[in-house]
Amino acid sequence: MNPSTQPACSPSYVFGPVPSRRLGRSLGIDLVPLKTCTYDCIYCQLGRTTHQTVERKPYAPGEVVIRQLQEKLSTLSAPPDFITFSGSGEPTLNSRIGAIIEEVNRLTPVPVAVLTNGSLLHLEAVREALLGADVVIPSMDAAHPSLFRLINRPHHSLDFSQILEGLKKFRKEYVGKIWLEVMLCRGFNDEDQHIERLREGIEKIGPNRIHLNTVVRPPAEEFAYPLSKEQLEKAAHLLGGKAEILPAECHASAARVYGEIDREVLLLLERRPCSLEDLSRAFGVAEKDMAASLRKLRDKGAVGYEVYNRTIFYKPGKKSEKNLSLGR
Ligand code: SF4
């Protein structure tokens, strides 16, 4: 079934390709409803967590996810660089993620990446589930429990040292690549002393790379401020040779999606606020044409926007779900 002919109320678990700063053209698989997470990070681009939980459930039916993936791959003029599990929250909360990764590997040679906050890696079932991924990108923003609680605002049952142990165990068991992400917010976790302590913790985990990130999209809390380029460079230096700063812009090349662009744009905006440039590049559409589509969607109330750092970021509008029945 072509995506454009799916029943209007059918949830879409597959979105993109998304312009990704580290994964090129990344086709997203979203296995949890908005916004289901173990954390409620101050910098989250999805806004505040509305369903904070540590309970793993089969939120998305695997066979539907795989069918949607097959359909999406057939509409692309070129395969994506990665198939990435990410989206509306913490993907390892989906108890079927391991089986779905296996199915994806059977279906396509496109490498699989998982973006996770790593909070459930202390569970053997979660570590096992991610063994089939080519790249796992966990996050670690704090070197001690009080800062962890301040920045990531975790579920009350989560324990900082248990999460660290989970990351270390996963490193021992997993042969794929681990790219650890550190999100730095000015005034919270960017002090030299803290970064040095963070480096000690990260060395015990042993990731292949360290990705330094800062707030580049509208955050959940206004007080989550970004670091300047110079501050990021200093932090990268303190973190050592494996640390690299994620570029503020994505330079993935365009891949045209044959289908209903408006719907695809909305599916992407449901998972990530995007600038005009992001959208134009993601869908291989000239900026003036994308701007015309966005104007139309804004007139319908399906798309809204927010200005952050002198850039307009488009987001779902108040009538997004109602008008387009995206099933979220
Ligand atoms: S940034 Fe990631 S881990 Fe943090 S609240 Fe958002 S979805 Fe959850």
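The values are calculated or read from the model by the stated rules, or taken from the named source; none is laboratory data. On a predicted model such as this, the values are computed, not experimentally measured, just so you know. Here Cβ is always computed from backbone atoms with ideal geometry, including for glycine, and neighbour counts include all displayed protein chains. For accessibility, only protein heavy atoms count, side chains too; no ligands or nucleic acids. Shrake-Rupley method; radii C 1.70, N 1.55, O 1.52, S 1.80 Å.
If you filter region 76-110 down to residues that are closer than 30 Å to Pro145 by Cα and part of a helix (DSSP H, G or I), you find that the one that is farthest from the ligand (Cβ to nearest atom) is Gly98.
Can you tell which of Leu73, Leu147 is more than 14 Å from the ligand (Cβ to nearest atom), part of a helix (DSSP H, G or I) and under 30 Å from Arg199 (Cβ atoms)?
Leu147
Among the residues of region 279-302, those that are under 23 Å from Arg25 (Cα atoms), within 25 Å of the chain's Cα centre (by Cα) and not small (Gly, Ala, Ser) comprise Leu279, Arg281, Phe283, Val285, Glu287, Met290, Leu294.
Among the residues of region 111-127, at least one is more than 16 Å from the ligand (Cβ to nearest atom) and under 22 Å from Arg271 (Cα atoms). Are any of the residues in region 187-208 open to solvent by 30 Å² or more (accessible area, probe 1.4 Å), touching a residue at least 24 places away in the same chain (Cβ under 8 Å) and under 25 Å from Phe85 (Cβ atoms)? For region 187-208, residues open to solvent by 30 Å² or more (accessible area, probe 1.4 Å), touching a residue at least 24 places away in the same chain (Cβ under 8 Å) and under 25 Å from Phe85 (Cβ atoms): present. Given the criterion open to solvent by less than 20 Å² (accessible area, probe 1.4 Å), in contact with a strand residue (DSSP E or B) (Cβ under 9 Å, 6 or more places away or on another chain) and within 28 Å of Phe188 (Cα to Cα), identify the matching residue among Leu167, Leu147, Leu115. Only one candidate passes the filter, namely Leu167.
Within 15 Å of the ligand (Cβ to nearest atom), under 30 Å from Arg281 (Cβ atoms) and charged (D, E, K, R): is that true of Lys35 in this structure? Yes, satisfied.
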